[in-house]
1. Are any residues in the range 10-25 closer than 13 Å to Lys40 by Cβ and assigned to a strand (DSSP E or B), and if so, which ones?
2. Looking at Glu18, is it modelled with pLDDT of 80 or more and surrounded by 10 or more Cβ atoms within 10 Å (Cβ to Cβ)?
3. Among the listed residues Val30, Val5, Val58, which satisfies the condition of being at pLDDT 85 or above, among the aliphatic types (A, V, I, L, M) and under 13 Å from the mean Cα position of the chain (by Cα)?
Amino acid sequence: MKQEVHFTINAEGKIEFEIKGMKGNSCEDVEKIFDEIGQKLSSEKTKDYYSKPDSASVKPTNRI
């Protein structure tokens, strides 16, 4: 499965994002990048978080 980040901006201007395709806690590295941008109001773990990670690791970059 390819790795994606989906963004949604609601009518009040709040931004939500969902990280897809990353198993285990590897998504937390990506989440930290977005936490630096703004204030986090909440966080929810998906079923992928509780799945066994693939053998390949993902290294996020700070390009925006």
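1. Ile15, Glu16, Phe17
2. For Glu18, the condition - modelled with pLDDT of 80 or more and surrounded by 10 or more Cβ atoms within 10 Å (Cβ to Cβ) - is met.
3. Answer to the check: Val5.
The values are calculated or read from the model by the stated rules, or taken from the named source; none is laboratory data. Predicted model, so just to flag it, every value in this text is computed and none were measured. Because the Cβ atoms are built from the backbone with ideal geometry, glycine has one as well, and the counts that use them run over all protein chains shown.
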